[in-house]
Amino acid sequence: MTDGDGGLFQILNGLCPMHVMLDAAGHLVWAGQTFSKLFDGKPLQGTRFLDLIELRRPHEVRDMEGLRACHGTRLRLRLRAEPRTTLRGVLLALPQGGAVVNLSFGISVVEAVREFGLTGADFAATDLTTEMLYLIEAKSAAMEASRKLNLRLQGARVAAEEQAFTDTLTGLRNRRALDHVLDRLMQSEQDFALLHLDLDFFKQVNDTLGHAAGDHVLQEVAQRLLAEVRSDDLIARVGGDEFVILLVGMTDRAPVGDLASRMIARLEEPVPYSAQTCQISASIGITLSCGYDMPDPLRMVADADLALYAAKARGRGCVMFHTAQLHSHPPAGLRLSVAEPGASPSLTPQARL
């Protein structure tokens with residue numbers, strides 16, 4: 001290589017950084033900086049061009065004579081080594097027997113930039129690829145910003161829905177969440193047990209120690225109830241000291257009754273508050289979805305409520321299952337009325353037990 005050749009190659013490198021110059025035998029004399037990057041910067045001088053690059057169109061090109069015959073023709077090529085990137089090119093035969101091949105990535109430029117770590121400096125200053133890459137980068141940035149915004153909005157929506165379904169004092173579900181889950185269970189035709197729990201002696205806590213103590217007790221009740229159920233079950237606070245528990249898939253009276261008794265036993269354990277001790281209990285009414293030809297949420301809630309009042313009438317701290325006899329012989333102090341045949345019963349306590 002003469003000094004003049006070196007200057008020519010530098011000029012070609014600035015104008016066509018993806019070019020290669022071949023000698024009369026088809027071996028590389030010089031390769032542009034971007035072309036060298038495709039081969040991890042390894043020395044390529046003296047390497048046979050067709051050992052590096054596969055000419056896919058025109059076909060049947062196996063030697064330098066065939067390459068020179070492609071003078072001025074648009075070429076489609078591919079790297080022989082992985083990742084087998086596709087290339088576009090044009091070859092100009094030189095009078096002395098060699099050739100200059102100028103290459104580009106065509107539509108595979110985005111993958112090539114990522115695969116070979118290319119930057120704007122690896123393309124000719126007049127190459128529109130740099131503009132396209134800028135637009136792609138700007139689009140990617142905009143899409144990423146949009147994705148993050150959507151994630152924030154989705155997170156805010158989930159948080160809002162979670163807040164709408166949560167009792168703020170205890171962290172349990174609320175009545176709205178209970179209605180939602182009941183509707184879902186009805187649609188999926190899953191059997192479940194519905195427990196209506198009401199605290200006993202809770203009013204005395206509020207009257208003697210104040211509402212702050214009452215709030216503390218309710219929070220402790222929530223934690224104790226959660227410790228007794230499974231992750232798929234639901235506990236909702238539906239009133240001041242009233243809770244509804246849904247036990248999904250549980251329809252046998254014995255295990256459901258045992259669980260209800262364990263809940264009462266846990267709630268009867270003293271609740272420390274400041275220097276005081278709060279003592280409460282609970283009564284539970286239960287109904288099972290398998291006991292209905294066509295379970296109805298309103299009817300089941302009313303029946304569990306009826307069983308709850310029957311439990312309180314027995315002396316509190318009790319568990320009662322709903323039975324048909326409760327409708328014909330309601331607990332003392334409870335007036336049971338039905339607006340019309342087939343309607344859910346309306347429960348009207350004469351005095352809170």
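Worth a mention:
- Qualifying positions in the stretch 55-89 - open to solvent by 20 Å² or more (accessible area, probe 1.4 Å), out of contact with any helix residue (DSSP H, G or I) (no Cβ under 9 Å at 6 or more places or on another chain) and within 24 Å of residue 15 (Cα to Cα): 68, 71, 72, 73, 74, 78
- Within the stretch 265-285, being open to solvent by 10 Å² or more (accessible area, probe 1.4 Å) and not hydroxyl-bearing (Ser, Thr, Tyr) holds for 265, 266, 268, 269, 270, 272, 275, 276, 279.
- Residues being touching a residue at least 24 places away in the same chain (Cβ under 8 Å), more than 12 Å from residue 244 (Cβ to Cβ) and not basic (Lys, Arg) - total across the stretch 286-301: 7
- Hey, residue 226 within 27 Å of the chain's Cα centre (by Cα), open to solvent by 70 Å² or more (accessible area, probe 1.4 Å) and hydrophobic (A, V, I, L, M, F, W, C) or not: yes
- Condition met for residue 97 (in a loop (DSSP other than H, G, I, E, B), of a type in the set (Gly, Ala, Ser), open to solvent by 20 Å² or more (accessible area, probe 1.4 Å) and within 19 Å of residue 12 (Cα to Cα)): no
The rows are residues; the columns are (1) open to solvent by 30 Å² or more (accessible area, probe 1.4 Å); (2) touching a residue at least 40 places away in the same chain (Cβ under 8 Å).
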{"residue": "217", "(1), (2)": "no, yes"}
{"residue": "233", "(1), (2)": "no, no"}
{"residue": "238", "(1), (2)": "no, yes"}
{"residue": "242", "(1), (2)": "yes, yes"}
{"residue": "249", "(1), (2)": "yes, yes"}
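- Search result, residues across the stretch 20-47 that are touching a Leu at 6+ places or on another chain (Cβ under 8 Å), outside any loop (DSSP other than H, G, I, E, B), under 18 Å from residue 81 (Cα atoms) and free of Cβ contacts under 8 Å to residues at least 60 places away in the same chain: 28, 31, 36
- Failed item, numbered, when residue 44 is tested on (1) under 52 Å from the mean Cα position of the chain (by Cα); (2) within 23 Å of residue 129 (Cα to Cα); (3) at pLDDT 90 or above: (2)
- Candidate set: the stretch 291-311, residues that are of a type outside the set (A, V, I, L, M, F, W, C), open to solvent by 40 Å² or more (accessible area, probe 1.4 Å) and in a helix (DSSP H, G or I); chosen: the one nearest to residue 328 (Cα to Cα): 299
- Condition check for residue 185: modelled with pLDDT of 95 or more and either open to solvent by less than 10 Å² (accessible area, probe 1.4 Å) or in contact with a Leu (Cβ under 9 Å, 6 or more places away or on another chain) (or both): no
The values are calculated or read from the model by the stated rules, or taken from the named source; none is laboratory data. Quick caveat: nothing in here was measured; it's all calculated off a predicted structure. Counting neighbours? That spans all protein chains shown, and the Cβs are built from the backbone with ideal geometry, glycine included. Just the protein is used for accessible areas: all its heavy atoms, side chains included, with ligands, DNA and RNA removed. Shrake-Rupley method; radii C 1.70, N 1.55, O 1.52, S 1.80 Å.
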